[in-house]
Amino acid sequence: MTEELLRLSKRMSELGLSSRREADEWIARGWVRVDGKVVSELGSKVYPSQKVTVERQAAAEQSKRVTVLINKPVGYVSGQAEDGYTPAVALIKAENRWAEDRSPEQFHPTQLRSLVAAGRLDIDSVGLLVLTQDGRVAKQLIGHDTDIDKEYLVRVSYTKGDTLPDSELKKLNHGLWLDGKPLLPAKVRWQNEDQLSFTLREGKKRQIRRMCEAVGLKVLGLKRVRIGKVKLGDLPTGQWRYLSADEQF
């Protein structure tokens, strides 16, 4: 069986060394070696069996990159500014840092450069949003093969009668289709009489709202409370903190 050549930046991303964008940056700077030789040509290709290593400068640069957790309020968009709405990154300033943040990291405005949302949260949803400068974190949370689950608390009212039948709750857990494709199994259970907990491993656009609609539930409020092992906890609305060195998604 012959090996297929892969773009070096794609291979570095597959190996979890960096994001593709970072890889291109490092290749251009001469920080990447293939089988011990520096490769600085963008678009270079490698075989999967070849050994890819990065220089210490790259690791040092990566370790300086920050990841920020924010409790997004209603009315902010998670990514780029759109239609006159403010992006959540606008909340990241010294005065909004949570007073109880344990991280020794000092805030500096340069940290706002290339800080991107790793996953979306609708304008009318609240809760945990991750913004990061680290391509590895972004890939872990939004790469197409991610297996990190996310938990949401969803306040609902049933529009077709008194209570949601158990058969419809089962459908929320598994059996619904969106955009012509079956959804992955989810964990959906009642938290109290008007609030459901949803745990999902995928994030289609407005997925929870559309799932609820499909079984006659109206969403009154939606809050993300956990991404992988990282919880929103007591972080106040509109405030942020750093992901600490000992936390892993």
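Among Arg20, Arg155, Arg29, the residue with the largest mean-square fluctuation in a Gaussian network model of the chain, with springs joining Cα atoms closer than 10 Å, is Arg29.
Between the range 173-232 and the range 24-87, how many Å separate their Cα centres? Comparing the Cα centres of the range 173-232 and the range 24-87, I get a distance of 31 Å.
Between Gln80 and Asp246, the modelled labels are 4.0 nm apart [label points 7 Å from Cα along Cα→Cβ].
Packing-based ranking of 31-38, 238-245 yields 238-245, 31-38, ordered from highest to lowest mean Cβ neighbour count within 10 Å. So for the pair Arg29, Thr237, with labels modelled 7 Å out along Cα→Cβ, what separation do we get in nm? Here the answer is 4.1 nm between the modelled labels.
Using a probe of 1.4 angstrom and keeping all protein chains present, the accessible surface of the chain works out to 57 square angstrom per residue. Rounded to a whole number, what % of the accessible area of the range 183-249 do carbon and sulfur atoms account for, probe 1.4 Å? Of all accessible area on the range 183-249, carbon and sulfur atoms account for 45 percent. In plain terms, the chain from Arg201 to Lys10 could stretch by 66.4 nm, reckoned as 0.36 nm per residue minus the Cα-Cα distance. Lys-Lys pairs in the range 102-249 that are eight or more residues apart or on separate chains and whose Cα atoms lie under 15 Å of each other come to 13.
How would you classify the chain from its alpha-carbon gyration tensor, with a ≥ b ≥ c the square roots of the eigenvalues: rounded for a/c under 1.5, else prolate if a/b is greater than b/c, otherwise oblate? Here the chain falls in the oblate category.
Placing a label point 7 Å from the Cα of Thr163 along the Cα-to-Cβ direction, the residues of the range 171-199 whose backbone N falls under 16 Å of that point are 189-197.
By the helix-only formula, in which each DSSP H run with n ≥ 4 contributes -39500 (n - 2.57) and the sum is divided by residues, the chain has a 222 nm mean residue ellipticity of -5000 deg cm²/dmol. Apolar share of the accessible surface for the range 79-155: 48 percent from carbon plus sulfur atoms, 1.4 Å probe. Taking the DSSP bridge list for the range 20-164 and keeping only pairs wholly inside it, about 90 percent are antiparallel.
The values are calculated or read from the model by the stated rules, or taken from the named source; none is laboratory data. Here the structure is a predicted model, which means the values were calculated and not measured. Virtual Cβ from ideal backbone geometry, glycine too; neighbours counted across all protein chains shown. Side chains are part of the model used for accessible areas, which takes the heavy atoms of the whole protein and leaves out ligands, DNA and RNA. Shrake-Rupley method; radii C 1.70, N 1.55, O 1.52, S 1.80 Å.
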